[in-house]
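Structure first, then comments.
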Amino acid sequence: MEERIKQYAETLPTRSGHGKRDNRRNLNLIRYADDFVILHEEITVVQRCREIISEWLKGMRLELKPSKTRLAHTLYHYGQEKPGFDFLGFRIQQFPTGKYHSKQGFKTIITPSKQKQKVHHDHIASLIEAHKAASQATLIDRLNPVIRGWANYYATVVSKVAYSDIDDLMYQKLRAWAKRRHPNKNGDWVAKRYWHSIGGDNWVFATREGGSNPLRLLNHADTQIKRHVKVKGESSPYDGNLVYWSSRMGNNPEMPTKISKLLKKQKGKCAHCGLYFRENDVIEVDHRIPKSLGGKDSYDNWQLLHRHCHDTKTTLDGSLGNKSGCNSAKPKPTRRLEKLMTTYSLYR
């Protein structure tokens with residue numbers, strides 16, 4: 001399907017100053033399993049893509065389901081359709097802004113879809129309902145994995161409002177759960193029994209047991225928002241570019257843990273020259289403060305350098321040769337890393 005769309009993109013008329021490569025970039029198809037979305041600035045191009053995909057599916061005796069196929073604009077109303085669309089549980093929509101907020105005149109906002117928020121709230125409500133007679137600790141044990149997983153999934157988009165809304169609804173359910181257990185007690189007594197102040201946070205649904213480390217219920221709103229960084233070009237975790245993916249993710253099964261963590265910490269750059277590491281560069285671990293001068297063998301004192309930058313730095317800090325336990329002249333990489341075309345030498 002992707003190849004059909006790419007072939008069609010190359011047949012589109014090329015604008016002045018642009019080439020076929022720009023046509024392929026402007027026509028985007030994003031697919032996950034059997035869900036996909038096609039994006040283009042021209043409605044006629046999107047309509048033609050729908051026809052191409054329908055023809056392609058006919059060869060497999062399949063067809064697009066009309067109830068799940070929408071044609072919409074991300075900023076304006078199109079026919080009966082509202083702006084924006086839902087995809088993989090996210091709501092993608094553009095909103096008009098003033099010229100001081102965006103040069104384009106609009107801003108793209110991605111949030112958890114209303115449908116997925118309702119499904120999640122219903123799941124939490126059903127768990128609370130199913131544990132009417134269970135202890136507070138048991139209820140917290142059942143809710144925390146659900147809250148953590150859902151909140152982490154949406155932690156890369158604009159989710160704070162959705163998190164707060166669900167926390168408010170969850171509080172109402174928990175309040176009813178606690179009140180049912182003690183029908184003859186007033187609201188203040190119930191609140192003091194099940195909600196506490198912990199570490200400066202008030203109204204924490206937590207157990208009394210555990211002393212200084214009680215079992216507490218997670219809040220969606222406490223999840224840290226970390227914006228997703230777009231993958232560079234057509235990079236793939238399977239393309240063998242260990243430097244790029246270790247810098248991006250901080251871990252890689254084919255890269256030593258120490259190297260991966262340092263690459264992410266340094267954002268893929270050499271600590272000496274400030275240039276990005278390339279796939280075939282020789283990368284070496286250096287001690288910021290040489291061990292001969294009292295430096296420690298820890299992440300705080302390690303940094304990654306190009307081999308030639310490492311030689312320059314070693315010369316300047318006066319820790320040449322065996323005096324610092326450093327032998328930069330003859331590094332001995334493992335056979336496995338030699339096969340990966342990237343060598344690493346660990347220095348004391």
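The values are calculated or read from the model by the stated rules, or taken from the named source; none is laboratory data. Keep in mind it's a predicted model, so treat the numbers as computed, not measured. No Cβ is skipped: glycine too gets one built from the backbone with ideal geometry, and neighbour counts run over all protein chains shown. All accessible areas refer to the heavy atoms of the entire protein, side chains included, with ligands and DNA or RNA removed. Shrake-Rupley method; radii C 1.70, N 1.55, O 1.52, S 1.80 Å.
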When the residues of the stretch 110-156 are filtered to those that are part of a strand (DSSP E or B) and in contact with a strand residue (DSSP E or B) (Cβ under 6 Å, 6 or more places away or on another chain), which remaining residue is surrounded by the fewest Cβ atoms within 10 Å (Cβ to Cβ)? Ile110
Here are some residues: His101, His77. Which one is under 27 Å from the mean Cα position of the chain (by Cα), of a type outside the set (Gly, Ala, Ser) and open to solvent by 90 Å² or more (accessible area, probe 1.4 Å)? His101
Across the stretch 252-295, which residue is most open to solvent (accessible area, probe 1.4 Å) among those that are small (Gly, Ala, Ser) and assigned to a helix (DSSP H, G or I)? Ser292
Determine which single condition Ala72 fails, assuming it passes every other condition in (1) in contact with a Gly (Cβ under 8 Å, 6 or more places away or on another chain); (2) open to solvent by less than 30 Å² (accessible area, probe 1.4 Å); (3) among the hydrophobic types (A, V, I, L, M, F, W, C). (2)
Long-range neighbours under 6 Å by Cβ, at least six apart or interchain, first residue touching a residue at least 60 places away in the same chain (Cβ under 8 Å) within the stretch 58-75, second exposed (fewer than 11 other Cβ atoms within 10 Å of the Cβ): none
Which residues, counting only those in the stretch 19-44, are over 31 Å from the mean Cα position of the chain (by Cα) and surrounded by 12 or more Cβ atoms within 10 Å (Cβ to Cβ)? Lys20
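Take Asn301 and decide whether it is of a type outside the set (Val, Ile, Thr) and modelled with pLDDT under 85.
No; evaluated as a whole, the condition is false for this residue.
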Pick from the stretch 304-341 the residues that are assigned to a helix (DSSP H, G or I) and of a type in the set (Gly, Ala, Ser): which of them is modelled with the highest pLDDT? Gly321
All conditions in (1) out of contact with any His (no Cβ under 8 Å at 6 or more places or on another chain); (2) modelled with pLDDT under 95; (3) surrounded by 13 or more Cβ atoms within 10 Å (Cβ to Cβ); (4) of a type outside the set (Lys, Arg) are true of Ser67 except (3)
Residue among Trp177, Trp189 that alone is open to solvent by 20 Å² or more (accessible area, probe 1.4 Å) and aromatic (Phe, Trp, Tyr): Trp189
Index of the failed condition, Ala206 passing every other in (1) open to solvent by 40 Å² or more (accessible area, probe 1.4 Å); (2) touching a Pro at 6+ places or on another chain (Cβ under 6 Å): (1)
For residues in the stretch 111-133 being among the aliphatic types (A, V, I, L, M) and modelled with pLDDT of 95 or more, which is nearest to Trp177 (Cα to Cα)? Ile128
Which condition does Val161 not pass, out of (1) touching a residue at least 12 places away in the same chain (Cβ under 8 Å); (2) among the hydrophobic types (A, V, I, L, M, F, W, C); (3) buried (at least 16 other Cβ atoms within 10 Å of the Cβ), if it passes all the others? (3)
